[in-house]
Amino acid sequence: MAISVKLEVFEGPLDLLLHLIDKNKVDIYDIPIVEITAQYLDYIKQMETSDMNVMSEFLVMAATLIDIKCRMLLPREVDEEGEEEDPRQELVQKLLEYKMYKFMSLELKDRQVDAARNLYREQKLPPEVAMYRPPVDYEQLIGDMTLSRLHNIFKSILRRQEDKIDPIRSQYGNIEKEEIDMDAKMLYVEAYAREHKNFSFRKLLENQAGRMEIIVTFLIILEMMKTGKIVISQESIYDDIMITSLL
């Protein structure tokens with residue numbers, strides 16, 4: 001009756017080599033290559049896997065160990081500085097790097113587990129603190145702009161809109177009340193401000209379809225200036241008013 005042997009599962013050939021080094025309690029800088037190679041090949045013979053990609057990695061390492069074993073039997077090569085080269089040097093370097101990465105992965109895993117145990121208390125502020133908003137300095141916000149200047153611009157825009165009206169065609173048809181959605185208009189003006197950043201106040205009003213839309217847009221501009229969403233400036237009294245978006 002055959003005795004079944006359960007083999008440990010390793011992540012790769014370097015993982016297996018580190019296991020053999022720890023198991024034999026040998027110095028990683030002075031690997032007994034003959035003994036380690038024999039144990040490694042013995043493990044390969046007992047492996048049962050249908051994944052050729054996994055198997056090929058272990059076979060490549062087996063060939064590397066056999067090559068190192070053969071080179072250990074030959075006279076040592078000498079480098080440019082006259083020192084003998086150790087055939088195990090490259091393998092030792094790979095093992096040290098793999099050992100460092102493996103240690104780092106375990107350290108990160110432990111930190112992840114510890115972080116999952118942290119609980120944070122829900123923020124609880126007094127209502128008067130939560131509702132506090134810093135006061136708005138309207139003088140600093142408006143600068144040298146006055147409501148009279150805005151009013152003059154508003155009246156000039158209205159006159160231009162009146163000039164666009166056909167005196168004959170305007171006499172026909174039914175006069176209906178314009179229904180303006182304030183929320184939709186606010187979203188439109190905010191989107192316009194985000195897109196243009198710096199734009200003319202006059203040009204914004206000229207783009208409106210009618211008198212009611214101009215009035216609503218004008219009120220929205222005043223509200224946005226009051227809440228600090230835009231800044232209005234004018235270089236001289238006869239220049240166009242420029243709006244700068246802070247959104």
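Yes/no per residue for (1) surrounded by 12 or more Cβ atoms within 10 Å (Cβ to Cβ); (2) farther than 16 Å from LEU14 by Cα:
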{"residue": "TYR40", "(1), (2)": "yes, no"}
{"residue": "VAL60", "(1), (2)": "no, no"}
{"residue": "ILE68", "(1), (2)": "yes, no"}
{"residue": "MET72", "(1), (2)": "yes, yes"}
{"residue": "GLU84", "(1), (2)": "no, yes"}
{"residue": "TYR101", "(1), (2)": "no, no"}
{"residue": "LEU108", "(1), (2)": "no, yes"}
{"residue": "ALA115", "(1), (2)": "no, yes"}
{"residue": "LYS124", "(1), (2)": "no, yes"}
Query raised in the report: Is it the case that VAL231 is at pLDDT 85 or above, within 20 Å of SER245 (Cβ to Cβ) and part of a helix (DSSP H, G or I)?
Result: no
Query raised in the report: Which residues, counting only those in segment 31-47, are in contact (Cβ under 8 Å) with a residue 40 or more places away in the chain and over 18 Å from LYS102 (Cβ atoms)?
Result: ILE33, GLN46, MET47
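Each row is one residue, and each column tells you yes or no for (1) among the aliphatic types (A, V, I, L, M); (2) at pLDDT 80 or above.
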{"position": "LYS94", "(1), (2)": "no, yes"}
{"position": "LYS99", "(1), (2)": "no, yes"}
{"position": "SER105", "(1), (2)": "no, yes"}
{"position": "ASP114", "(1), (2)": "no, no"}
{"position": "LEU119", "(1), (2)": "yes, no"}
{"position": "GLN123", "(1), (2)": "no, no"}
{"position": "PRO126", "(1), (2)": "no, yes"}
{"position": "MET131", "(1), (2)": "yes, yes"}
Report summary line: Subset of segment 191-247, residues of a type in the set (Asp, Glu) and touching a residue at least 40 places away in the same chain (Cβ under 8 Å), comes to GLU206, ASP240
Report summary line: Exactly one of MET145, MET182, MET186 is closer than 27 Å to LEU246 by Cα, at pLDDT below 75 and not basic (Lys, Arg), and that residue is MET145
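The values are calculated or read from the model by the stated rules, or taken from the named source; none is laboratory data. Given the structure is predicted, the values throughout are model-derived calculations rather than measurements. Don't worry about glycine lacking a Cβ; one is built from the backbone with ideal geometry, like all the others, and counts go over all protein chains shown.
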